[in-house]
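The values are calculated or read from the model by the stated rules, or taken from the named source; none is laboratory data. Given the structure is predicted, the values throughout are model-derived calculations rather than measurements. Positions of Cβ are backbone-derived with ideal geometry, glycine not excepted, and every protein chain shown enters the neighbour counts.
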Amino acid sequence: MNSVPFLNLEYFFKLIYDILTGGASLRALIVALKNFLAAIEPYSMMLSLVLASGIVYCIIRIRQIDAEEREKFNREPEATATTVGGVANPKWQRVLDHLHSRSPGDWKLAILEADILLSELLEKMGYEGDTIADRLKRIERSDFDSLDRAWEAHKVRNRIAHEGAEFEIAEREARRVVSLYADVFKEFKFIT
């Protein structure tokens, strides 16, 4: 009659105990280990296949998400921007030039200069206040669809201004913030 393979952990631990205390031989432990591995072999193969397919799925999904994020967050602000009336806006072009640099300092400068443009826009629109934050607080949401984006971009600018050289920004984040400013400027035809 064939024996049915099963896992008897108590026996396995007893063998280890006996070997450590001198009551059993190493050969008995090896035989028990072989029996244990033979008992779990079919299950381990199935588990390995399931886990391998899970890994393949995760790799495919991560690549899809990465592509979506690249498309969403690496949007390039338009290379040529103009003010109302079709006159070239050298200040916005300077922001873009700083943004296309490889230097994190230039990325910060791009954000600071974009914030200056935001200040000019708000001033031209007639919003009063000592600071950009004061002007943004006076804006009605119904008058300014991109108000949240303006606030978000301005908060990053404030971190740059207050933390100075200690503030580190990735190129991806700098591009995202400048894109927020671009959305605000496009809403009011400050750039096209």
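Brief remarks on what is shown
- Residues in the range 166-187 that are in contact with a helix residue (DSSP H, G or I) (Cβ under 6 Å, 6 or more places away or on another chain) and not in a helix (DSSP H, G or I) were compared, and the one that is surrounded by the fewest Cβ atoms within 10 Å (Cβ to Cβ) is PHE167.
- Just one of the listed residues (LEU15, LEU47) is modelled with pLDDT of 70 or more, farther than 26 Å from LEU118 by Cβ and within 45 Å of the chain's Cα centre (by Cα), and it is LEU47.
- Test: residue in the range 70-78 that is of a type in the set (D, E, K, R), more than 30 Å from VAL178 (Cβ to Cβ), in a helix (DSSP H, G or I) and at pLDDT 75 or above: no
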